[in-house]
Amino acid sequence: MNTPKSVLSLLFFALLASSSFAQNKIKALIVDGQNNHEHWPKITVMMKTYMEKTGLFEVDIQRTQYTWRGEEFLPEYQIEGMPQTEALEKSKQDPNFAPEFKGYDLVVINFGWDAAPWPKSTHKSFEKFVKKGGGVVIVHAADNSFPEWEAYNKMIGLGGWGDRNEKDGPYVYFDRQGVLQRDMKPGPAGSHGPQHEFRVEIREPEHPITKGMPEIWRHTSDELYDGLRGPAQKMTILATAFSAPFKRGTNRHEPMMMTIDYKRGRIFHTPMGHDDESWECVGLMTTFLRGAEWAATKKVTIPIPEDFPTERFISKRKFD
C-alpha cells in the first residue's frame, strides 16, 4: 500500500523535530523586500515555514522599508511583528536597512534583479559576518542583485543580468562531453527560456548536501538559468541541468547547486526557485534545507525524504 505524500511529509518533519529537539537551534535570518519576481513575499514565508518545521532552525525576517514588486502578496503573507513598509513603483535604497548579522548563524538572501543597493555600512557588516564564518544561502534571483558589489559577486560565485559580462568573470558550465569549462568569451551574463520541468544531475554525490540523492532527479516547472558568469573562486558545482536549445537554452549543462568558500564563511547557491510552484518541489525544498544546514554548520543531518523526486517523476507538496 502506498503511503500518501501528506503523511510522508508529516513523518519527515516529525522525525527531524524529534531528532533535533535537544540541539541548539541554528539562528537564521531571511532578508528580502525588493525583487522583480513578485512571488517573493510568499516564498519568504515558504522558506521560513520549511526551515522551522525541521526543528533545526529559528528564523527571523528583516525587510527593507521600501518594497518593490510583490505588493499583491504582502497582505496575505504578513510577518508577525514586521514594521510597516511602503510599496514603490521603482526600487529605492532603504538607508536604515542594517540587520544585525552578527547575531545569526545563517543569512538567506531573497532579493532580485534591480534591487536597490544596501547602504555601504551594511555591505561592510555583511562582509564581516561572512569573513568570520557566517553561512549564506543565495536563492534564484538573488544572483541578479548588487552587480557593483565586488565582495558579493565573489560570495555568489556566478551571477546574471545587472550589466554583468566578461569583466565579471567566465561562464562556468559542463559541456556535452561532461567537461567543466571556464569560458571567457565576451557576452552578457544570464538568460533563461520558458519555465519547464527539467532534470537535475548530481555532479558531487559525496558532498554532504547531495549525498544520498538520486544521480538524476526531475524538478518541477521552473526557470532554468543559464549563461551565468562571475569570479567563480573557491566554487564547487554540486549539480547541473541541461539547458536545451529547443527551450531557448545554451546546449550546455548549467550549474543548479553550488558551494562557495569566502574567507571563513560558506555559501550555498541555487538558481532554482522562480515562483511558489517551484518551491513546492520536494527536490528543491530538500536541497534548500540541506544547503542551509551545511552553510551554517558544515554538516548535514536532514534526511532525504521518501517522496524525493526520481529521474522519471516530479514530487510536490502543496503549500498551505
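No value in this document is a laboratory result; all are computed from the given coordinates. Every value quoted in this text rests on a predicted model; they were computed, and no experiment measured them. In this analysis, Cβ positions are derived from the backbone assuming ideal geometry, glycine residues included, and neighbour counts consider all displayed protein chains.
For the chain, the mean residue ellipticity at 222 nm estimated from helices alone is -6500 deg cm²/dmol, where every DSSP H run of n ≥ 4 contributes -39500 (n - 2.57) and the total is divided by all residues, rounded to the nearest 500.
Candidate membrane-span-like segments in the chain, meaning DSSP H helices with Cα atoms spread over at least 20 Å of their own axis and a Kyte-Doolittle mean of 1.0 or above, are 5-19, with no membrane implied. For the chain, modelled as a GNM with alpha-carbon contacts under 10 angstrom, which of Leu180, Leu56, Leu284 fluctuates the most? The residue that fluctuates most here is Leu180.
Considering only alpha-carbon pairs that sit under 8 angstrom and 6 or more positions apart, the relative contact order computed for segment 129-181 is 22 percent.
Most simply put, segment 71-201 has about 50% antiparallel DSSP beta bridges, counting only bridges with both residues inside it. When only Cα pairs below 8 angstrom with a gap of at least 6 residues are kept, segment 226-306 shows a relative contact order of 20 percent. Over 25 Å apart at the Cα level, from the set Lys298/Lys318; Lys48/Lys102; Lys53/Lys92, are Lys298/Lys318; Lys53/Lys92.
In loop segments of segment 224-320 as defined by DSSP, the trypsin sites (Lys or Arg not before Pro) with at most 11 further C-beta atoms inside 10 Å of their C-beta are Arg264, Lys298, Lys299, Arg312, Lys318.
Out of (i) 0.98; (ii) 0.94; (iii) 1.10, which label holds the value of Rg/Rh (Cα atoms, Kirkwood Rh) that was computed here? Here Rg/Rh (Cα atoms, Kirkwood Rh) agrees with entry (ii).
The lysine pair tally for segment 151-284, using Cα distances under 29 Å and a gap of 8 or more places or different chains, is 15.
Working from label points 7 Å from Cα in the Cα-to-Cβ sense, the Asp183 to Leu88 distance is 3.7 nm. In plain terms, the chain from Thr301 to Asn165 could stretch by 45.2 nm, reckoned as 0.36 nm per residue minus the Cα-Cα distance.
Just Pro271, Pro231, Pro95 to compare: in a GNM of the chain, with alpha carbon springs under 10 Å, which one fluctuates most? Looking only at Pro271, Pro231, Pro95, the biggest GNM fluctuation is shown by Pro95. For the chain, leaving out every one of the GluC sites (Glu not before Pro) that falls in a DSSP loop and has at most 10 other Cβ atoms within 10 Å, the longest unbroken run is 207-320.
Label-to-label distance for Phe246 and Gln78 is 4.8 nm, based on points extended 7 Å past Cα in the beta-carbon direction.
Bridges between two residues of the chain, per DSSP, are antiparallel at a rate of about 55%. Across the chain, Cα pairs under 8 Å and at least six residues apart give a relative contact order of 17 percent. Distance between the pseudo-spin-label points of Glu206 and Glu150 (7 Å out from Cα toward the beta carbon): 3.6 nm.
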